[in-house]
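Structure, as structure tokens:
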Amino acid sequence: MNLLFKRPRGTQDVLPKDSYKWQFIEKKLLETATKYGFKEIRVPTFEHSDLFCRSVGDTSDIVEKEMYVFEDKSSRLITLRPEGTAGVVRAALENNLLSEALPAKLSYILSCFRYEKPESGRLREFHQFGVELFGSSSPQADYEVIEMAVEMLNNIYINNFILNINSIGCSNCREKYKQALINYMTLNKNSLCELCKDRLEKNPLRILDCKEKSCQYIVKDAPVILDFLCQDCKDHFENLKQYLDKSRINYIVNPKIVRGLDYYTKTVFEFVININGSDLTVCGGGRYDNLVSDLGGPSTPAFGFGMGLERLILILDNLDNLDNLKLKDNKCDIYIITLDEKSRIFAIDISKKLRSQGYIVETDLLGRSLKAQMKYANKISAKNTLVIGENEILAGKASLKNMETSEVTEFIF
């Protein structure tokens, strides 16, 4: 195939037959965020590379292996965003959003780019819905954002998820844990994969996230971060669990969750769903109390999450009752068939009236015969057809045919 007509590996085309699912999900997520006081923000697709090196972590897999980095015409290093939080923090600082009333609540839908092996629900260009809450260090803020995520998933008919939570502590208690982890992993170094041997020197917490079976076997007996929490971090986590219990939100405390980004502190969480025997993380996030100050802003606690839209689509497509979800598929409600020039002109007013009432209306634009127009109406799965000719215009009414049941009703102009 000519490369001009082949999409790059790790990307996808969203065709009209599927776009209604994206529109449904995006609309529901934004509507739910608005109910909780979050307002939409839009940020650039690319940023200065240093922003992601400082925020995500220069020893992270994203920075070391996955970022799309290029030099622009002024020899500046530019990066296509690999995630949403860093750009939103930069925008909040540059536009003084954190000097306004706090907490500041921001939501967004954006595309992200990571050079990694494409797999089910994971692409090199992917899309995220995300929220960021700035200004509150309270576990109640953690709870409310997690509660919002639960409501969002329920609102798009997804409820078979498992919520995993953990605390990775603050910089003080994490340092003690890191040393204990290094001591344990050093004893088992020969059994680690080559990548994790390197991680042991640079960032040992990454080993907990490794998918290699040999490393997972070692990790299962590794020291647990929850045993090293300082009193403040321990209280924060216990209070979060009380809020979740009070709201009857089921969760599992999973001490192996660390998330893949360096900026997280205290609470981290993931929503996991099993599809065809594979566990997919569809939403993940947590607290990042130091990121704003690390990027040069004032000390500002923050909490947020990201949802992968491709994975949400994948889950919807695997639901047994997808056909019963009544998602608005944007198919033509009424296809107006016209028989001559006079009826084509007459159909203009009918089309405008029906569209003003919210119907999706199409009519012939190619001057086709009656038979060809009927054939086209079938091809586009029009729900109804309305035939207009000279007799119909004189009578002031026409026959509206339901294309699924063949039932005919009278349509008065």
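Nothing in this text is a laboratory measurement; each read-out follows from the coordinates by a stated rule. Please read all numbers here as calculations on a predicted model, not as lab measurements. Positions of Cβ are backbone-derived with ideal geometry, glycine not excepted, and every protein chain shown enters the neighbour counts.
Apply the a/c threshold of 1.5 to the C-alpha gyration tensor of the stretch 334-412 and tell me whether it is rounded, prolate or oblate.
Rounded shape, in that the Cα axes give a/c under 1.5.
From the backbone phi of the stretch 7-19, what are the Karplus-calculated ³J(HN,Hα) couplings (6.51 cos²θ - 1.76 cosθ + 1.60, θ = phi - 60°) in whole Hz, Gly and Pro given as x?
Running phi through 6.51 cos²θ - 1.76 cosθ + 1.60 with θ = phi - 60° gives 5, x, 4, x, 10, 8, 9, 9, 7, x, 5, 10, 5 Hz.
With a cap of 10 neighbouring Cβ atoms within 10 Å, and only residues DSSP puts in a loop, list the trypsin sites (Lys or Arg not before Pro) found in the stretch 153-258.
211, 220, 248
Connecting C-alpha atoms closer than 10 Å in a GNM of the chain, tell me which of 303, 126, 346 has the biggest fluctuation.
346
Give me D for the stretch 71-123 in µm² s⁻¹, whole number, from Stokes-Einstein with Rh from the Kirkwood sum over alpha-carbon pairs, 4 °C and 1.567 mPa s.
The Stokes-Einstein estimate is 94 µm²/s.
Grab the Cα-Cα distance for residue 175 and residue 247, subtract it from 0.36 nm times how many residues apart they are, and report the gain in nm with one decimal.
So the extension gain works out to 22.6 nm.
If I fit a long axis through the Cα atoms of helix 171-187 and take the longest principal axis of the Cα atoms of the chain, what angle between them do I get, 0 to 90°, rounded to 10?
Here the helix axis deviates by roughly 80 degrees.
From zero up to wherever the largest Cα-Cα distance of the stretch 179-222 sits, split into 10 Å bins and tell me the percent of pairs in each.
33, 65, 2
May I ask for the angle, rounded to the nearest 10°, between helix 85-94 and the longest principal axis of the chain, with both axes built from Cα atoms and the value confined to 0 to 90°?
For 85-94 against the chain, the angle is about 90 degrees.
Given the options 87, 308, 367, which has the most mean-square fluctuation in a GNM of the chain, springs set between C-alpha atoms less than 10 angstrom apart?
Largest GNM mean-square fluctuation: 367.
To the nearest 0.05, what FRET efficiency results for residue 102 and residue 231 with a Förster distance of 22 Å applied to their C-beta separation?
According to the calculation, E is roughly 0.25.
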